[in-house]
Amino acid sequence: MISVGQRLKEMGVETILCIPDLGGNVQSLAESAHLSVKRLDFQKIPKPRQLLSVLRWLFFLPGDIFRFWSLFKRENPALVHVNGAFFLAPAIASKIARVPLVWHLNDTIISGKLAKLFGFMVSRLANRVIVAAEAVGRHYGITPNVSTVIHAPVDLSNYPSGSVSGVPCCFEGVKKEAASIDIALVANWNPVKGIDYFVEAIAQVREKMPEQNIVIHFAGQKLATHQLYAEEIEAKIKQFQLQDCIHYHGFLENVSLLHHCMDIVVLSSTSEASPMTVLEAMAAGKPVVATDVGGVREMLSFDDEHIAGIIVPSKNSEALAEGLIELIQSSEKRLQLGQNGRYCIEKEFSLEKCTEKHYKLYLSLMEDVDHYCG
């Protein structure tokens, strides 16, 4: 949202970013983009399955609503843009303050019937609803005729067109070997990322293609909150004797440098909304093998004539292995899918396209408000 806000500022739209009164580098990033920042003491988003966190969130909700209402009365914004289904406080405060509301659903953190309940509230309260993918809208029961799809954007300044092909690998953690196939999975280590299925798939690929030099690159943090899961993955890696082909890069500030060195990028998640790693791989001109979750199909099959990757069922290591083998065996297909991905990014998923869609939506909302008030 910071990048979009920066571009909107160039179009005459001022963004005030409201963030919780906690730590982190969001404020410095926003201020470096010349955006105004307001810190407010409001509750963090609770995890839906943690009942005590949800109850605490509900208990403090009235106070949060008051604080947001006070902020809106002071700043007098033309509209309020809320990100995430759980942000009820600013949404309710905007209605009390009689400020037009844009509600942006960009995750699938809430599941089951509860998601449909939140979707109903969103559709009733918001003047405009944005969904990060059609699949996100379906998850919350939001019908297409009451929402606008705006996918997460890719800043192409990190992926100049000349870097899509023919540029030597410049990532210091990768030494490109002769005849190797380098495969990346970019994700923090938690169960929803399906890393266990990816490891199983790699083991199957190595068994079926013993002569092929396959190198695996993990980029992402091993989270302390999911330490047991990380230990299970490491145990699988040892079980299948994959230690010799795996490289760990940890958290990367600029993952584009890694993408440029890869032959294939993988998404093995069991649940997603609008996964950035797929879009970033497409921007780098890399073919993708991804599970059919969230908005993945919309991304990779956005243009029927420019399919950008292979889509496989989630929680299915055999299908994932087959998709990988198909691409490993054909450098021509890897090149074509990569070029298709880059084409789709430029056509639909760039930061410029995302900013333009936000601007048009804001403008249409303001025109409706002026018409109503008139």
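None of the figures in this text is laboratory data; all of them are computed from the coordinates on show. No experiment lies behind these values; they were computed from the predicted model shown. A quick note on method: Cβ atoms are made from the backbone with ideal geometry, for glycine too, and the neighbour counts reach across all protein chains shown.
Miscellaneous remarks
- Burial ordering of 225, 148, fewest other beta-carbon atoms within 10 Å first: 225, 148
- Neighbourhood net charge (13 Å Cβ-Cβ; Lys/Arg +1, Asp/Glu -1) for residue 340: -1
- The value obtained for the chain, namely the Cα convex hull volume divided by the number of residues, is 146 Å³ per residue.
- Residues whose placed amide H lies under 5 Å from that of residue 17, excluding near-sequence neighbours: 36, 37, 38
- If you take the Cα centroid of segment 54-109 and the Cα centroid of segment 202-216, the two points sit 50 Å apart.
- Phi angles across segment 262-267 convert, under the Karplus curve 6.51 cos²θ - 1.76 cosθ + 1.60 with θ = phi - 60°, into 3J(HN,Hα) values of 8, 9, 9, 10, 10, 10 Hz, Gly and Pro given as x.
- Amide proton proximity set for residue 350, modelled H, under 5 Å, gap of 5+: 154
- Within straight-line cross-link reach of residue 95, lysines at Cα separation under 18 Å, skipping those fewer than 8 residues along the same chain: 73
- Local charge for residue 136 was computed over the other residues whose Cβ lies under 12 Å away, with Lys and Arg +1 and Asp and Glu -1, and equals -3.
- 0 to 90° range, to nearest 10: angle between helix 331-344 axis and the chain longest Cα axis: 10
- Cross-link reach is defined here as a Cα-Cα straight distance under 19 Å, omitting same-chain residues fewer than 8 places apart; for residue 222 the lysines meeting it are 193, 236, 238.
- Only lysine pairs 8 or more places apart or on separate chains count here, and in segment 242-374 those with Cα atoms under 22 Å apart total 6.
- Summed side-chain charge close to residue 352 - residues other than residue 352 whose Cβ falls under 13 Å, Lys, Arg +1, Asp, Glu -1: 0
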